[in-house]
Amino acid sequence: MKGLRWLVLLALVVGLLGCAQRERIMLPPAVDLGDTQRLAVVYWENFTLDPGLSLELERALVEQLDDYYNVLDPYDVESTLHRLGIRRGMPLTRDLAVELGEFLGADLILGGEVQYYFEDVRQSPPERQEPFPPGSGYQWHVTHTTIATVVISGRIFAADDGQVVYAEEVEGKKIVSVKESLQWTEAGPPPAYLVPRRDRSQLPQARTGAVAEAAKQFASQLLPSYTWRRIQ
């Protein structure tokens, strides 16, 4: 009887595991441009004081979209624009989008503006942690918080007639926090000379992260999403 009971329990466990199996399925993009379309990411106008933001954003957009769409090589796009005498800062109009589509052999033209960029570095006052193990001395630290924010506004044009088929304004933000230990173990606050200045070394990481997040947000509706479905 005991053996039969174990067999019944084993059968129930196997059955439950079978019912709990799931598979990952892909859902189409909310805005589907067609995965066979040839898409060209062209220059973005830059309204900020950081001259490198637009180029970094273009590369991030190519990286985001290239896995699903037929994105043209950015170096080929750049060289073609140079031969045509099209420079950064020239407004991307409907007529220009049609012209670019013809010369690039593209079905879709993606461009826009980097509208805003902000960065800030903050530092907390010295913070004390209780000693561990007890009697080992207090531990003090400050926290450096670096924030970068970028706002972009982009559009995708149909190259055959210059119509805007997708437009979105998004914000990308990245926060980087780093704790720095202080050489002080007393119960009272450390002297001013032991407190470091604000650390700006995390700014490149925060800036790159904000640009990547903006590109991700802009492309989110253009890319497939994934969900889990229970297998009966």
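Suppose we filter Gly101, Gly89, Gly105, Gly111 for residues that are open to solvent by less than 50 Å² (accessible area, probe 1.4 Å) and touching a Leu at 6+ places or on another chain (Cβ under 6 Å); which single one remains?
Numbers: Gly101 fails: touching a Leu at 6+ places or on another chain (Cβ under 6 Å); Gly89 fails: touching a Leu at 6+ places or on another chain (Cβ under 6 Å); Gly105 fails: touching a Leu at 6+ places or on another chain (Cβ under 6 Å).
So the residue among Gly101, Gly89, Gly105, Gly111 that is open to solvent by less than 50 Å² (accessible area, probe 1.4 Å) and touching a Leu at 6+ places or on another chain (Cβ under 6 Å) is Gly111.
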Next item on the list: Report whether or not Gly162 is in a strand (DSSP E or B) and under 30 Å from Thr36 (Cβ atoms).
Entry: no
Note to self: Which condition from (1) more than 20 Å from Tyr117 (Cβ to Cβ); (2) in contact with a Gly (Cβ under 9 Å, 6 or more places away or on another chain); (3) at pLDDT below 95 is the one that Arg87 breaks?
What the structure shows: (2)
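If you go through region 216-232 one residue at a time, how many are assigned to a helix (DSSP H, G or I) and either open to solvent by 60 Å² or more (accessible area, probe 1.4 Å) or in contact with a Gly (Cβ under 7 Å, 6 or more places away or on another chain) (or both)? Write out each step before concluding.
Pass one, region 216-232, residues assigned to a helix (DSSP H, G or I): 216-222.
Then keep just the ones that are either open to solvent by 60 Å² or more (accessible area, probe 1.4 Å) or in contact with a Gly (Cβ under 7 Å, 6 or more places away or on another chain) (or both); that gives 216-218, 220-221.
Summing the residues that are assigned to a helix (DSSP H, G or I) and either open to solvent by 60 Å² or more (accessible area, probe 1.4 Å) or in contact with a Gly (Cβ under 7 Å, 6 or more places away or on another chain) (or both) in region 216-232 gives 5.
State whether the residues of region 218-226 include one that is in contact with a strand residue (DSSP E or B) (Cβ under 6 Å, 6 or more places away or on another chain), without any contact (Cβ under 8 Å) to a residue 60 or more places away in the chain and not β-branched (Val, Ile, Thr). Walk me through it before giving the result.
Filtering region 218-226 down to residues in contact with a strand residue (DSSP E or B) (Cβ under 6 Å, 6 or more places away or on another chain) leaves 218, 224-226.
Next, only the ones that are without any contact (Cβ under 8 Å) to a residue 60 or more places away in the chain stay: none.
The answer is no; no qualifying residue exists.
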Margin query: If I go through region 109-144 residue by residue, how many of them are closer than 23 Å to Val170 by Cα and of a type in the set (Val, Ile, Thr)?
Written below: 3
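Each row is one residue, and each column tells you yes or no for (1) acidic (Asp, Glu); (2) closer than 16 Å to Phe218 by Cβ; (3) in contact with a Leu (Cβ under 7 Å, 6 or more places away or on another chain); (4) at pLDDT 90 or above.
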{"position": "Leu33", "(1), (2), (3), (4)": "no, yes, yes, no"}
{"position": "Ala60", "(1), (2), (3), (4)": "no, yes, no, yes"}
{"position": "Leu65", "(1), (2), (3), (4)": "no, yes, yes, yes"}
{"position": "Tyr75", "(1), (2), (3), (4)": "no, no, no, yes"}
{"position": "Arg94", "(1), (2), (3), (4)": "no, no, no, yes"}
Notebook entry, point to check: Do you know which residues across region 22-44 are open to solvent by 20 Å² or more (accessible area, probe 1.4 Å) and either under 26 Å from Thr149 (Cα atoms) or in a strand (DSSP E or B) (or both)?
Noted result: Arg22, Glu23, Arg24, Ile25, Met26, Leu27, Ala30, Val31, Arg38
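Is it the case, given these coordinates, that Asp76 is under 29 Å from the mean Cα position of the chain (by Cα), surrounded by fewer than 18 Cβ atoms within 10 Å (Cβ to Cβ), among the acidic types (Asp, Glu) and more than 25 Å from Pro28 (Cβ to Cβ)? Break it down stepwise before answering.
Details: under 29 Å from the mean Cα position of the chain (by Cα): yes; surrounded by fewer than 18 Cβ atoms within 10 Å (Cβ to Cβ): yes; among the acidic types (Asp, Glu): yes; more than 25 Å from Pro28 (Cβ to Cβ): yes.
In short, yes.
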Checklist line | Among (1) touching a strand residue (DSSP E or B) at 6+ places or on another chain (Cβ under 6 Å); (2) surrounded by fewer than 17 Cβ atoms within 10 Å (Cβ to Cβ); (3) in contact (Cβ under 8 Å) with a residue 60 or more places away in the chain - the single one Asp160 does not satisfy | finding: (1)
Check: Across region 178-207, what is the number of residues that are part of a strand (DSSP E or B) and either open to solvent by 80 Å² or more (accessible area, probe 1.4 Å) or over 30 Å from Gln115 (Cβ atoms) (or both)?
Finding: 4
Check: If the Cβ limit is 6 Å and pairs must be 6+ apart or interchain, which residue in region 175-200 that is in contact (Cβ under 8 Å) with a residue 40 or more places away in the chain pairs with which residue that is surrounded by 12 or more Cβ atoms within 10 Å (Cβ to Cβ) and of a type in the set (Val, Ile, Thr)?
Finding: Arg198/Val121; Arg200/Val121
Margin query: I'm told Ser136 meets every condition in (1) open to solvent by 40 Å² or more (accessible area, probe 1.4 Å); (2) among the polar types (S, T, N, Q); (3) modelled with pLDDT of 95 or more except one. Can you identify the failing condition by its number?
Written below: (3)
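The values are calculated or read from the model by the stated rules, or taken from the named source; none is laboratory data. This is a predicted model, so every value here is computed, not measured. Glycine gets a Cβ as well: all are built from the backbone with ideal geometry, and neighbour counts include every protein chain shown. The accessibility values were calculated without ligands, DNA or RNA, using every heavy atom of the protein model including side chains. Shrake-Rupley method; radii C 1.70, N 1.55, O 1.52, S 1.80 Å.
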